[in-house]
Amino acid sequence: MRPEDGEALGSGSAGAVFAVPTDEGDVAVKVFPGRLYQRTRLRLERELERLSALDGQVLVPEAIEELPDGRCALRGELCVRSLLDLVEDTGPLPVADTLVLGSAIASTLARAHEAGIFHGRLTPANVLFRASGEPVINDFERTLRPVFVRDPDHGSDFLAPEGPHGEGADLYGLGAVLHFALTGLPPGPDRPELHRVDAPIDLLALIENLLTEDPDSRPAGPAVAEEILSALTPEQSTMDEEPPVVVSGGLQGFPLLTIGPEPVSAPAPRKRSAWPVFTIGAATVLAAVAWLLVPGSPEPAPRAEAQPSPAKTSTSPKPAPRVELDAPIDHGSMVELTWRAPEGFDSAVVVADGTGEAKTTIVRRQRTMKVPVAPGRKYCFLIQITDGGDVRESAPRPIRGAVCRK
């Protein structure tokens, strides 16, 4: 079959990429608009051999092919999602994930520069994710760029002002990728000062230094950026955690949050069950951040059976655990939630909209979440927490004039 008969994944400055089925599974085929002559092919083969020797997350084409009509194509591993797609779909990344991602990219650039290899056009569109969640850099091969020019302005918002040459261009590209991961915006020349209240000042300062217009004022190399990012990276980020589990019907045995007028009389109390008794069918589970999973994440340890303990002489009641949800920050197509809960409690986010539907997302130890919403629609939000036994909830928080009730 022709590559164009497969699924179109996108296009860059030189070629277009398609997902093509084969007997061994789907592969990515990047098609260029012309024939590859022998001398250029030899240069490309040598370049791919050098790239294959790199110790890092580099996506290297597996084969050079000539299509029946004579056009050149590169065949390789299929990665169906890019950082550009991810941020456009779900909004800016958490700071912890940005640090992990930035460390991986900086490490790969450092290994490449040590071998005398430079990318020059690093953008969110060529930071891809394998099925395992591992980030990889695509389009490292430079031989075909001047030979096949489809769109010279592709990704120009992310490219260094001095052009796509040398170590400085890759440093700027790293800063542009980190800026986009945190803000969802390219680092334009008139950009406002980078600001994320949850980001360490050292991360913001590094990004600003990477994006300096003068290449000589940027950090000394990607290894320096890698060292800074690694020092800031927490021991465990959401990349290392299990994904949120979305339960379309809400917590089992737990009242759902809905939008509407206050009821005339309160319903009879219902028994609340702890989260470990969820029964979730395969059709109702959505791995919302499967792109970020790292293989081998440990399963949570089973809870030990409680052992009887001697009666305590103190009669002071133990304070009930509390969860407090801050006022939601409405960004139009995304709402930012932040809440406070005791250590050791897992969290779930309940979202109800004007259609009467409610959805619960288990986020475990997270205390922030960005929720995609429909512009103009009313929403209510509520946080539930549990330690495996007791279940508590916050007061509901509305946006856009919603009236929240259970």
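Every number in this text was worked out from the coordinates using simple rules, so none of it is lab data. None of these values were measured; they are calculated from a predicted model. Glycine gets a Cβ as well: all are built from the backbone with ideal geometry, and neighbour counts include every protein chain shown.
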Open item on the list: Could you give the length gained by full extension between residue 343 and residue 37, i.e. 0.36 nm per residue of separation minus their alpha carbon distance, to one decimal place?
Closed with: 103.8 nm
Task: Pair residue 374, residue 62: separation of 7 Å Cα→Cβ label points (nm) - done: 4.2
TODO: Find how much the distance from residue 367 to residue 157 grows on full extension, using 0.36 nm per residue of separation minus their present alpha carbon separation; answer in nm with one decimal.
DONE: 72.3 nm
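Can you figure out the FRET efficiency of residue 198 with residue 11, using R₀ = 22 Å and their beta-carbon distance, to the nearest 0.05? Before the final figure, lay out the partial values.
Working: r = 35 Å, r/R0 = 1.58.
Working from the Cβ atoms, E equals 0.05.
About its Cα centre, how strong a charge dipole does the stretch 353-406 have in debye, to the nearest 20, once Lys and Arg get +1 and Asp and Glu get -1 at the Cβ? Mind dumping the intermediate values first?
Numbers: 12 positive and 5 negative charges, 45 e Å.
In debye, rounded to 20, the stretch 353-406 gives about 220.
Within the stretch 1-41, list the GluC sites (Glu not before Pro) lying in a DSSP loop whose Cβ has at most 16 other Cβ atoms in a 10 Å radius.
Values: sites: 4, 7, 24; in loops: 24.
Hits after loop and neighbour filter: 24.
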- [ ] Arrange the peptides 194-203, 209-218, 126-135, 96-105 so that the one whose residues have, on average, the most other Cβ atoms within 10 Å appears first.
- [x] 96-105, 126-135, 209-218, 194-203
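For residue 227 and residue 400 in one chain, what is 0.36 nm times their gap in residues minus the Cα-Cα distance, to one decimal in nm? Write out the running numbers ahead of the final one.
Details: separation 173, 0.36 × 173 = 62.28 nm, distance 4.40 nm.
Taking 0.36 nm per residue and subtracting the Cα distance, the gain is 57.9 nm.
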- [ ] Taking the Cα centre of the stretch 1-237 as origin, sum charge times position over the Cβ atoms of Lys and Arg (+1) and Asp and Glu (-1), and report the length of that vector in debye to the nearest 20.
- [x] 740
